[in-house]
Amino acid sequence: MGRTVGGVVLLLVSAFMLLGFIRSDASFAALNTMLALAISVALPAVGGLALLRGANRAERRGGTRIQQLRQATIESEILRLAMLQAGRLTAVEVASTLALTAEEAKATLDALVTREVADLDITDAGVLVYTFHDAKHSGDKHTARGLLDA
């Protein structure tokens, strides 16, 4: 928001200065006038446009960051839920617990399967069950040994 306001202010200053030059009796062919125009009109205009362009980029990147943070939070909550459910979840359980649509829950769970965080199983009735191996065996962590001791 600050970049946008700053950019608009600089463009207004530039326009105000240009209006002043147009209403003056200064000769636009004189070197002093051209230098004054460059400093008082062109520089603020370029700065204002640069600020507005940067603000637009920041808004687009910010939206992506917010979406990434939201996705990471959803995945974290799914893993927490998997710990509570002995490492096995369905898309319906995730959707109802996390207030997601069924499609969004399934897409997130499928992404976790793709990244090999979870495995996909199917019941005899055809229900997809997402199994989180680490969450399923988290109770065994007290029996852990060093890799070289195994």
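Here are the numbers for the structure shown:
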read-out: Any hit, the stretch 125-141, residues being assigned to a helix (DSSP H, G or I), in contact with a strand residue (DSSP E or B) (Cβ under 7 Å, 6 or more places away or on another chain) and more than 14 Å from R80 (Cα to Cα); value: no
read-out: Filter pass, I39 being part of a helix (DSSP H, G or I), surrounded by 12 or more Cβ atoms within 10 Å (Cβ to Cβ), at pLDDT 90 or above and aliphatic (A, V, I, L, M); value: no
read-out: Filtered residue count, the stretch 105-125, keeping only those that are surrounded by fewer than 16 Cβ atoms within 10 Å (Cβ to Cβ) and farther than 16 Å from K136 by Cα; value: 9
read-out: Residue list for the stretch 87-118, restricted to those being touching a residue at least 12 places away in the same chain (Cβ under 8 Å) and among the hydroxyl-bearing types (S, T, Y); value: T90, T97, T108
read-out: Among the candidates A72, A55, A95, A91, residue that is under 30 Å from R3 (Cα atoms) and surrounded by 14 or more Cβ atoms within 10 Å (Cβ to Cβ); value: A55
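The values are calculated or read from the model by the stated rules, or taken from the named source; none is laboratory data. Quick caveat, the model's predicted, so the values are computed rather than measured. Positions of Cβ are generated from backbone atoms using ideal geometry, with glycine treated the same way; all protein chains shown enter the neighbour counts.
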